[in-house]
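What follows is a set of notes on a single structure, which appears directly below.
The values are calculated or read from the model by the stated rules, or taken from the named source; none is laboratory data. Predicted model only: the values in this text are computed from it and were never measured. Cβ sites come from the backbone with ideal geometry, for glycine too, and all protein chains shown count toward neighbours.
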Amino acid sequence: MSDDVKILTARWGKKDSHTLASYRADGGYAALEKALSMAPAAIVDEVKASNLRGRGGAGFATGMKWTFLPKDVRPRYLCVNADESEPGTFKDRYIIENDPHMLIEGIAITCFALDIHLAYVYIRGEFPRQAAVLEAALAEARAAGIIGKRLYGKADFDLEVHVHRGAGAYICGEESALMESLEGKKGYPRLKPPFPAVVGLWGKPTIINNVETLANVPWIVKNGGAAFAALGTGKSGGTRLFGVSGNVKRPGIYEKPVHYNLKRLILEDCGGTASGRPIQAVIPGGSSSPVLRGDEIDVSLEFDAIKAAGTMSGSGGVIVMDDSVCMVRVLSRVAKFYAEESCGQCTPCREGTPWMEALCEKIESGHGVPGDADKLLDMANHIGGFTICALGDAASMPVQSFVKKFKADFERHIAEHRCPHGDAAWGVSQDSRDAVIGGMRS
Ligand SMILES: Cc1cc2nc3c(=O)[nH]c(=O)nc-3n(C[C@H](O)[C@H](O)[C@H](O)COP(=O)(O)O)c2cc1C
C-alpha cells in the first residue's frame, strides 16, 4: 500500500479550502448523501470494519465505542474534542482551519448513524481563529440546508452543532472534565464507570471523539471500511497526522499510514536533526508518552506495536531532541506543565506534581543530592494509577521514562553540582532550547 494516501490533508493549501464552495467542488458532502441512503446501523458497521481508532490519545476503537450507547435512552449527544492541549500536539487546529467542512460532514454522518440531534465542538480557548473558521463554516452549512432543521435538506432528521470555547485548561481535554465544563461547572474529571457513552452530558448517553477521528468518517463512508482498514495494519486502519517538532530539519505535520516507522519519519521525511547531531531522544506521542532513546526509534507508530515497545503514539505529537539537549531540563519543563495543569481534585496529583517539578528543578540547577533521581521515580510511582483521571499517568510516565533511560544524566548533575550541558540556567544550547521548548508550546 502506498505511503502517500492523503485523506485528511488532501485539500490543505488549496485556495479557500475552508469554504463550502471549495469543499463541494472537490466532492464534499457526497459521503453524507450516501450515508443518508444507508441504514444507520450499516454506517456503524463500516466504521467498525475500518479499524478506525481514536486519534485523541488512547487509541480506542471508534466503532466499538459507538456501540456502547444504550439502545433505548434519548436524547444522546456528541462531543467533539478540539481541546488539543497536550504539549507537542498540533493537528486538530489545522484540520479545522484548512478543511472545517470535512469535520462537519464527519459530525453529520456520525450523528445520523447514532441518532444524535445535538453536537458540541469543545474548542481550546487559545484557538480563536480556528473557532471563527468553524463557526463560519457551520453558518454556511446551515444556510445551505446541510445541518439544521432537515439534515442535508431532505432527511427527516434535525441536527444542530454548537461551538463551545474552552478557557485554556488542559484538563478540559479529558472527556469527563470536558463535559463538566460544557455543563458550566469547574472542569473536574468524573469517576468512571459509568462511561460517557452510558452516562454523559447532563446524565445522558454521550459519544466523545477527537476532531481527527471524526474527520476520517466521510472517507470511510465513501470508500468503505475495508479500504480504510487496508491502509493500516493489525487492528489499526487508515492514515494519521503526525506533528513533528523539536530538533529536526523539516518540522511540521505529516500524514502517513497509521503504522509508519518513527525513524523513517524523522530521518527521511523530516530530514534528521537540524544540527546534524545524533538523535538523543524522541517523545513519540505528546509530552505524556514515555520517551524513547535515539537507539530505540526504529519502531512502528501503530498503537499496539509501539505499546509493545513500551510507549505510545498517543496524540501523534513527535518531539525530537539531539544530543545537545539536557534531558533533566526537558523533564523539568514537562513536569512544570503537569504541575500547572493538575486540576487539584486528587491528592496524589495535586501534591505530587509540584513536588516532581521542584525536585527536577533542584537536580537541574545542581542542588540535587545522591538518591534524588530514585526519589523522583518513587514520587511518580505513587501518582500514576492513583488518580481519578489519566492526568496522573500523563505526569508520571515522562518522569518514569526519563529517569530510567537517562539516569546517568541525572546522576551527573548531582555529582557535578551543575548542569553538565553548560550554557546558562537552561543547560542546553540556545537553538536546541528554542526548538524543544517551542515544540512543547505548540
Ligand atoms: C488530561 C487529559 C487530557 C486530554 N486532552 C485531550 C485533548 O486535548 N484532545 C482529545 O481529543 N483528547 C484528549 N484526551 C483524551 C480524551 O479523554 C478522550 O479519550 C478522547 O477525546 C476520545 O476521543 P477519541 O476516541 O476519538 O480519541 C485527554 C485525556 C486526558 C487524560
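Selection of helices (runs of 4 or more DSSP H) fully inside the stretch 1-104 by the criterion of at least 2 residues being farther than 29 Å from Ser313 by Cα returns 20-25, 30-36, 40-50. Restricted to the stretch 221-247, and to residues there that are closer than 20 Å to Asp304 by Cβ and assigned to a helix (DSSP H, G or I), the residue that is farthest from the chain's Cα centre (by Cα) is Ala226.
Restricted to the stretch 302-320, and to residues that are over 14 Å from the mean Cα position of the chain (by Cα) and in a loop (DSSP other than H, G, I, E, B), which residue is surrounded by the fewest Cβ atoms within 10 Å (Cβ to Cβ)? Step by step, filter the stretch 302-320, then rank; the result is Gly310. Taking the stretch 187-212 as the range and being touching a Pro at 6+ places or on another chain (Cβ under 7 Å), within 13 Å of the ligand (Cβ to nearest atom) and over 26 Å from Pro87 (Cα atoms) as the test, the residues that pass are Ala197, Thr206. Among the residues of the stretch 15-54, those that are over 16 Å from Lys222 (Cβ atoms) and among the basic types (Lys, Arg) comprise Lys15, Lys48, Arg53.
In summary, helices (runs of 4 or more DSSP H) completely within the stretch 388-442 and bearing 3 or more residues that are at pLDDT below 90 occur at 430-441.
Residues in the stretch 150-166 that are at pLDDT 95 or above and loosely packed, with under 15 Cβ neighbours inside 10 Å were compared, and the one that is farthest from the ligand (Cβ to nearest atom) is Asp158.
When you look at Gly184, is it out of contact with any Pro (no Cβ under 6 Å at 6 or more places or on another chain) and within 12 Å of the ligand (Cβ to nearest atom), yes or no? Criteria not met by Gly184.
Per the conditions (1) buried (at least 17 other Cβ atoms within 10 Å of the Cβ); (2) over 15 Å from Ile220 (Cα atoms), the sole criterion not satisfied by Trp12 is (1).
Quick one: is Gly57 more than 10 Å from the ligand (Cβ to nearest atom), buried (at least 24 other Cβ atoms within 10 Å of the Cβ), assigned by TED's automatic domain parsing to the domain that holds Phe157 and more than 28 Å from Ser37 (Cα to Cα)? Here the answer is no, as Gly57 does not meet what is asked. In this entry, Ser245 passes the filter for residues that are among the hydroxyl-bearing types (Ser, Thr, Tyr), in contact with a Ser or Thr (Cβ under 9 Å, 6 or more places away or on another chain), in the same structural domain as Met312 (by TED's automatic domain parsing) and surrounded by 20 or more Cβ atoms within 10 Å (Cβ to Cβ). Among the residues of the stretch 167-183, is there at least one that is more than 30 Å from Gln345 (Cα to Cα) and touching a His at 6+ places or on another chain (Cβ under 8 Å)? No, the stretch 167-183 contains no residue that is more than 30 Å from Gln345 (Cα to Cα) and touching a His at 6+ places or on another chain (Cβ under 8 Å).
The residues of the stretch 248-275 that are assigned to a strand (DSSP E or B) and either in the same structural domain as Gly88 (by TED's automatic domain parsing) or farther than 20 Å from Ala215 by Cα (or both) amount to a single one, Asn261. Mind checking which residues of the stretch 334-349 are out of contact with any Lys or Arg (no Cβ under 9 Å at 6 or more places or on another chain) and surrounded by fewer than 16 Cβ atoms within 10 Å (Cβ to Cβ)? Matches in the stretch 334-349: Glu340, Thr347.
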